[in-house]
Amino acid sequence: MSGKIFVDACKGKETPYTPVWMMRQAGRYLPEYMAVRAKAGNFLNLCHDPKKACEVTLQPVDIVGVDAAILFSDILVIPDEMGMDLSFVKGEGPKFSDPIKTQEDLDRLIGGKEAARKLTYVYETIELIKKELDQDKALIGFTGAPWTLATYMIEGQGTKTYNICKKMMYTNPRLLHNILAKVTEVVKIYMEKQIEAGIDVVQIFDSWASAIEPSKYNEFSWSYMVEIANYLKSRHPEVPIIMFPKGVSAFVEQGLVYGNFDVFGVDWGTPMAMAKEKLGDRYVLQGNMEPCRLYDKKATTSCVEAIHKTMEGKRHIFNLGHGILPDVPVENAKHFVSECQRVSAK
Ligand code: CP3
């Protein structure tokens, strides 16, 4: 036993109750987060400041009572350090001033070890968190999936239609594969360095998985994540890997999700019972309350009870089926966490 119930649960071991955390748990719904962000000046400064990033990482553990902390950073620091100029425009989200259009644009970007080496502030943040975090809590490190990162690198910002990157998928798949391969090389080393700095568990966010038609998902996203997992498992087999692909229930239904991962993150659009039937033997399942249920305590409790009834306290980690939203009352987030711990206590 690791002494951390979250890590034990990731490995499918019996735990005294089902551990819980929330995607995007360190963020704007917490007034304490807003205060630290104000001191930092803006969000990116906060990511670049290990002391402040450590402080906001620990807030949800102390305030909301989750069983694991997730490193405070962003998936987009990777393309930023590859040489794409990242900014966050107020009210509009992330922006890259010079999106990738050609092979020459891609060739200009820094790759592999050199890019991963520039993310030192992330490794320093991890080292600080490990000193401060209670021994029985786990620290989750993370990356974006190459596909999800590539959508921002090609579109230059968030998108509803993904038309620029999907145009590339069908008209110039070679360039898209070259982008994905270059990002994959950086991610492998970046995650290896996060592990060496002290993270206990890895989560890969494929937040925009649903933009790809099911028959193309393996080729343009899943296979790259399998490559990352195989690399990490060959070096650090003891570190569990959580795979969270958002919006791929058709892919789950076909049972096409083989890979060297320990935990499969189920999004809120995929019924937990179906995920259990198709994937429950292969993976520990994480999830999957619809995040908007957090607006109402009764809606939260009934969902937590239903998920627990399906999973029976076995091979399960409680979470939301996507990130918590900024206008959720802190009280309700606390209620979710304590209800998960209450219903599953053995
Ligand atoms: O608490 C945590 O989960 C750790 C920190 C974390 C952030 N971003 C902080 C953040 C994590 C794990 C992420 C991942 C991330 N970033 C994803 C994948 C997860 C998901 O929700 O699907 C994606 C797609 C991004 C890219 C990103 N970063 C967007 C689209 C935005 C703007 C939209 C938004 O939610 O505000 C961000 C900014 C961001 N990342 C904030 C935080 C706390 C808000 C910044 C602020 O105004 O303080």
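The values are calculated or read from the model by the stated rules, or taken from the named source; none is laboratory data. Every value quoted in this text rests on a predicted model; they were computed, and no experiment measured them. In this analysis, Cβ positions are derived from the backbone assuming ideal geometry, glycine residues included, and neighbour counts consider all displayed protein chains. All accessible areas refer to the heavy atoms of the entire protein, side chains included, with ligands and DNA or RNA removed. Shrake-Rupley method; radii C 1.70, N 1.55, O 1.52, S 1.80 Å.
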Report summary line: Here the residues within segment 272-309 that are among the polar types (S, T, N, Q), in a helix (DSSP H, G or I) and open to solvent by less than 10 Å² (accessible area, probe 1.4 Å) are 300
Report summary line: Of those in segment 160-193 that are of a type in the set (Val, Ile, Thr) and either assigned to a helix (DSSP H, G or I) or modelled with pLDDT under 95 (or both), the residue farthest from residue 122 (Cα to Cα) is 171
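Quick check on this structure: which one of 219, 238, 227 is in a loop (DSSP other than H, G, I, E, B), closer than 28 Å to residue 186 by Cβ and open to solvent by 60 Å² or more (accessible area, probe 1.4 Å)?
238
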Query raised in the report: Say we look at segment 13-36 and pick out the residues that are surrounded by fewer than 15 Cβ atoms within 10 Å (Cβ to Cβ) and either without any contact (Cβ under 8 Å) to a residue 60 or more places away in the chain or part of a loop (DSSP other than H, G, I, E, B) (or both); which of these is nearest to the ligand (Cβ to nearest atom)?
Result: 34
Query raised in the report: Cβ-Cβ below 6 Å, separation at least six or inter-chain, first residue in segment 142-164 and within 11 Å of the ligand (Cβ to nearest atom), second in a loop (DSSP other than H, G, I, E, B) and of a type in the set (Val, Ile, Thr): which pairs?
Result: 144/75
Query raised in the report: Could you list, in sequence order, the residues of segment 76-116 that are over 21 Å from the mean Cα position of the chain (by Cα), outside any loop (DSSP other than H, G, I, E, B) and without any contact (Cβ under 8 Å) to a residue 60 or more places away in the chain?
Result: 89, 104, 105, 107, 114
